[in-house]
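Down below is the structure, laid out as structure tokens.
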Amino acid sequence: MSHPLETVLRDLYASEISASISWIWDGGFRVTLGSPELAVGWALPTPGAAVEWLKQQAILHYPDSDFARKYARGFG
């Protein structure tokens, strides 16, 4: 299921889940989850892929969060 990028990012923030997205000019996007970093993704091709990666990792690393309860349906 696809969710608008802004909604996913806002929901991560509301659940107090740290994340970052960096644009690597010739290599896609670098994405991190957690502080300290729990997961790092490299060379994701689009902003949508970066946010989808964040969503999946947040569900895995923060299964008891409001975020995971909202987005985990259909995940697996």
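Tabulated data
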| item | result |
| --- | --- |
| Flag for residue 66 being in contact (Cβ under 8 Å) with a residue 60 or more places away in the chain and among the acidic types (Asp, Glu) | no |
| Extreme residue, modelled with the highest pLDDT, among residues of the stretch 16-33 that are crowded, with 16+ Cβ neighbours inside 10 Å and of a type in the set (Gly, Ala, Ser) | 19 |
| Of residues in the stretch 5-36 being part of a helix (DSSP H, G or I) and touching a strand residue (DSSP E or B) at 6+ places or on another chain (Cβ under 8 Å), the one farthest from residue 49 (Cα to Cα) | 12 |
| Of all residues in the stretch 60-76 being of a type in the set (A, V, I, L, M) and within 14 Å of residue 3 (Cα to Cα), the one that is surrounded by the most Cβ atoms within 10 Å (Cβ to Cβ) | 68 |
| Residue match in the stretch 4-14 (condition: touching a Leu at 6+ places or on another chain (Cβ under 8 Å), free of Cβ contacts under 8 Å to residues at least 40 places away in the same chain and surrounded by 13 or more Cβ atoms within 10 Å (Cβ to Cβ)) | no |
| Neighbours by Cβ (under 6 Å, 6+ apart or cross-chain): first from the stretch 36-56, surrounded by 18 or more Cβ atoms within 10 Å (Cβ to Cβ); second of a type in the set (Gly, Ala, Ser) | 44/28; 44/50; 53/41; 54/19 |
| So residue 24, is it of a type in the set (Val, Ile, Thr) and over 13 Å from the mean Cα position of the chain (by Cα) | yes |
| Unique match (being more than 12 Å from the chain's Cα centre (by Cα) and basic (Lys, Arg)) among 69, 30, 10 | 69 |
| Where residue 23 falls short, out of the listed (1) free of Cβ contacts under 8 Å to residues at least 40 places away in the same chain; (2) in contact with an Asp or Glu (Cβ under 7 Å, 6 or more places away or on another chain) | (2) |
| Within the stretch 57-72, tally of residues that are farther than 16 Å from residue 30 by Cβ and in a helix (DSSP H, G or I) | 10 |
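The values are calculated or read from the model by the stated rules, or taken from the named source; none is laboratory data. These numbers were taken from a predicted model, which means no experiment stands behind them. Here Cβ is always computed from backbone atoms with ideal geometry, including for glycine, and neighbour counts include all displayed protein chains.
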